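Worksheet: the structure to be examined is printed underneath.
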Amino acid sequence: EHAGDEASMRIAVYTVTRGKLDLCQQSFKLLKRYAGCEFDHYVADNGSDVGPWLTKRKYRFANVLRFSENMGQNIAANALLDEIDLAQYDFVVRWDPDALPRTRRFLRKLARTAVNIGEPCVLSPKITKLKHEPPTIATAKAGDRSLEVVGILGGICRLHPSGFFDGWRFNRYGAL
């Protein structure tokens, strides 16, 4: 375990892209700038204009998968999860290519909060500018962080313990 030792925490981030090249480029640039820690980024493109940019490797990726057609979120995410050596990471993060972080060191703070909770949990930063924000079911504290418990946690940015995906994948029949 790396509990409390932020410098040795290993994080894998995975992203499924489908178009919106400019927004995707901005999202990845801000992800790197605001993360506050190192991470390995795994990306799958579902047959869009983002694919050629991904393979130019100006932005360093751990792995890039390019599909010639839209495989949908679930199949592409499963393919990425199969590429990630889960035993090598403490956390796996789902990152939407249209997310634009605005909080410094947000990824480091999420990982530290998960460690402070001390048991497996799935966390997300507070997502703003949603049309329909999920209602808060309960509140809790983890160290100096206030947490809101919600019934549905979207996919914009989600931190999971890596063991969450050990032997588990998304339903491959999910909507495109």
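Just the number, please: carbon plus sulfur as a percent of the accessible area of the chain, 1.4 Å probe, no ligands or DNA/RNA counted. Mind dumping the intermediate values first?
Details: 5050 of 10260 Å².
Solvent-exposed carbon and sulfur of the chain make up 49 percent of the total.
Running a GNM on the chain with Cα contacts under 10 Å, which residue among GLU83, GLU119, GLU69 ends up with the highest mean-square fluctuation? Sorting by GNM fluctuation, first place goes to GLU119.
Computed from the Kirkwood radius of its Cα pairs, the Stokes-Einstein diffusion coefficient for the range 24-65 at 4 °C and 1.567 mPa s stands at 119 µm²/s.
Test of understanding: what is the full-extension gain from GLU119 to ALA138, defined as 0.36 nm times their sequence separation minus their Cα-Cα distance? Walk me through the intermediate numbers first.
On the way: separation 19, 0.36 × 19 = 6.84 nm, distance 1.78 nm.
Result: 5.1 nm gained on full extension.
Across the chain, the volume of the C-alpha convex hull divided among the residues equals 123 Å³ per residue.
Highest mobility in the GNM of the chain, judged by mean-square fluctuation with C-alpha springs under 10 Å and restricted to LYS109, LYS32, LYS126, is found for LYS126. Across the range 72-77, computed HN-Hα scalar couplings (Karplus, 6.51 cos²θ - 1.76 cosθ + 1.60, θ = phi - 60°) run x, 4, 5, 5, 5, 5 Hz from first to last residue, x flagging Gly and Pro.
Using a cut-off of 23 Å between Cα atoms, the listed pairs LYS29/LYS141; LYS56/LYS129; LYS29/LYS131; LYS29/LYS56; LYS56/LYS131 include LYS29/LYS141; LYS56/LYS129; LYS29/LYS131; LYS56/LYS131 as exceeding that distance.
By the helix-only formula, in which each DSSP H run with n ≥ 4 contributes -39500 (n - 2.57) and the sum is divided by residues, the chain has a 222 nm mean residue ellipticity of -7500 deg cm²/dmol. Note on ILE127 and ASP49: the model spin-label points, each 7 Å out from Cα along the C-beta direction, lie 2.5 nm apart. Kindly express, to the nearest 10 degrees and within the range 0 to 90, the angle between helix 21-34's C-alpha long axis and the longest C-alpha principal axis of the chain. Taking Cα atoms only, the helix is inclined about 30 degrees. In this structure, the amide hydrogen of THR17, modeled 1.01 Å from its nitrogen in the peptide plane, lies closer than 5 angstrom to those of ALA44, ASP45, ASN46, counting only residues at least 5 positions away or on a different chain.
Dipole size of the range 42-115 about its Cα centre, with +1 on Lys/Arg Cβ and -1 on Asp/Glu Cβ: approximately 700 debye, rounded to the nearest 20. Taking each residue as 0.36 nm, the span from ASP82 to PHE170 lengthens on full extension beyond its C-alpha to C-alpha distance by 30.5 nm.
Taking the average, over residues, of other Cβ atoms within 10 Å as the packing measure, peptides 98-106, 129-137 rank 98-106, 129-137 from highest down.
3J(HN,Hα) couplings calculated from phi for the range 47-54 with the Karplus curve 6.51 cos²θ - 1.76 cosθ + 1.60 (θ = phi - 60°) are, in sequence order, x, 10, 5, 6, x, x, 4, 4 Hz; Gly and Pro show x.
The mean accessible area for residues of the range 1-115, using a 1.4 Å probe and ignoring ligands and nucleic acids, is 50 Å² per residue.
Does the range 99-176 classify as rounded, prolate or oblate by the C-alpha gyration tensor (a ≥ b ≥ c root eigenvalues; a/c under 1.5 gives rounded; else a/b over b/c gives prolate, otherwise oblate)?
Values: a/c = 1.56, a/b = 1.18, b/c = 1.33.
Oblate.
The values are calculated or read from the model by the stated rules, or taken from the named source; none is laboratory data. Since the model is a prediction, treat every value here as computed from it, not as a measurement. FYI the Cβ positions are ideal-geometry reconstructions off the backbone, even for glycines, and counts take in every protein chain you see. Side chains included, ligands, DNA and RNA excluded: accessible areas come from the protein's heavy atoms. Shrake-Rupley method; radii C 1.70, N 1.55, O 1.52, S 1.80 Å.
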